[in-house]
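Report on one structure; see the data block that follows.
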């Protein structure tokens, strides 16, 4: 009882706490609601017996759930056992495989080493293959390229293959500087054989094409033919053959064209045949030379288009030889080819020009033709060189024209000297003078318009001097011979009844020379000859002045006095140690009379000659002025000698009378005061 009561007392507080806890539980909590919901699934009746057995019911429900779980877990455990069994088998197989792999690895180590060696050899083989491929590309021709070289067609594939062969041949030289000299030599021999075959084939093709160039007057150059000719420059001998073929074809074609232009003219009759103008030598020769110059330009354009321009300088002129770096010595130049082409027309051109020159052409026309030939000769020489046959032909014809001109000019001069004309009564120039001067001026004008100083390297005056000498010198000599008939003692005189003064001959000569000087002074190329003629006129003018002065001084007995005074003034041997006043021929009385007579003569009107026969007014005025000056100088010379005390006149009587008229008075009368 005691123990039971004590247990009850002990349990009572615990029960009380549970009861209080239960009472404190909130029934609306989700957990309580969930638990009650679950409890309602298997707690069917809420009886006292059921309440007492609630724990047992719950435990039985738990047991039932656990049994269901165990039943479900058995299947899982069986499945897991099967998986474990499979895993154990897989692990066993893995171990077996690992063992097999380890054995295989041990067995394949040698094979791996061999494989690695083979891989390295494969890489090396690939590198050698690439090098071999590059070598073949650089040193070998492809089958297509070989076929192009050996084929019958000349086109872009052929030239590409030929360039490839040349490139390979050049590349082989680099092999000769290495240890592969034998390979380089073999490849060079192979490429050389390809080259020779290709160049021979190309040469035959070019020759065939070049033969067809002669069929037309102005053929168009095929770019492929131009390229072929350029390629043949690498073989000078073959190039020379082709160039000779072209030159021969154009040689024959040019000859036919030239003959056709002379006889038939152009298509449809225009332009007209050149020989239609054979009656006009200048136009005929000019048309022929113009045709040649135009043909030269077209033929040069053709050859330059075909073979290229080989001018060594930049002046535009074609040299006879190219630079050694650009053209081998045996390779013909463009100028040489043109020379060969135009050789065909040299003979017919020369024959026709010479025929014109031998037809007794007028003097002016002959000179114009010579200048025309000289111009074209310089032009052709500039384009083709001075040694070309066409330039030589023009030089020969030009020389012939000049020789014919010189012979005609000389014949004209000989005729003038053989038959000098008689002076006209008015002392004017004979008709031969103005005619010859006019013709010479025409020749001078033709020379000035056609002369090219830069082309000859000489001044126009130096070049034209021989022509002037041949024309003027005989004319001047003719005037001198013609004037000889005006001498007082001449076998034949113009007018025997008239008195011929000594000055008449000089006036006539000056009248003849004056128009020559006037015409020559107007041109630059005749300036030198104009100075020579001016000197001759000056010499005759001085002679005329001296002659007239002597005549005037003789009228007043002053001539001898002046001469004696000048002898003393110059200190001649006759007057050494002598006094002028002691000379009987120079007495004061005689001098005084002469001076007074001279003054009286000069005081008269129209005492000085007017020279109306002199046709040049300027020369006429100069001559009169010089005569007045000369007379004034003569009077002043004598006056000064008398007034000089050293001559002994000052001690004599009558000196003042002799010196009555001063030189200034005389100059004032003569109008020569300065």
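The values are calculated or read from the model by the stated rules, or taken from the named source; none is laboratory data. It should be emphasised that the depicted structure is a prediction, and the values quoted were computed from it without experimental measurement. FYI the Cβ positions are ideal-geometry reconstructions off the backbone, even for glycines, and counts take in every protein chain you see.
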query = Quick one: is residue 634 surrounded by 14 or more Cβ atoms within 10 Å (Cβ to Cβ) and either in a loop (DSSP other than H, G, I, E, B) or in contact with a helix residue (DSSP H, G or I) (Cβ under 8 Å, 6 or more places away or on another chain) (or both)?
reply = yes
query = In region 245-287, what residues are assigned to a helix (DSSP H, G or I) and surrounded by fewer than 16 Cβ atoms within 10 Å (Cβ to Cβ)?
reply = 252, 256, 259, 260, 263, 267, 268, 269, 276, 283
inquiry  = Looking at region 234-243 only, could you name the residues that are part of a helix (DSSP H, G or I), in contact with a helix residue (DSSP H, G or I) (Cβ under 8 Å, 6 or more places away or on another chain) and surrounded by fewer than 23 Cβ atoms within 10 Å (Cβ to Cβ)?
reply    = 234, 238, 241
request  = Determine which member of the set 315, 326, 321, 298 is outside any loop (DSSP other than H, G, I, E, B) and either modelled with pLDDT of 50 or more or surrounded by fewer than 16 Cβ atoms within 10 Å (Cβ to Cβ) (or both).
outcome  = 298
key: Out of 613, 628, sole residue that is touching a helix residue (DSSP H, G or I) at 6+ places or on another chain (Cβ under 7 Å), part of a loop (DSSP other than H, G, I, E, B) and closer than 23 Å to residue 506 by Cα   = 613
inquiry  = Take the conditions under 22 Å from residue 424 (Cα atoms) and either touching a helix residue (DSSP H, G or I) at 6+ places or on another chain (Cβ under 7 Å) or modelled with pLDDT under 90 (or both) and apply them to residue 454. Does it pass?
reply    = no
message = I'm trying to understand the selection: among the residues of region 209-231, which are at pLDDT 70 or above and farther than 11 Å from residue 306 by Cβ?
response = 211, 212, 224, 231
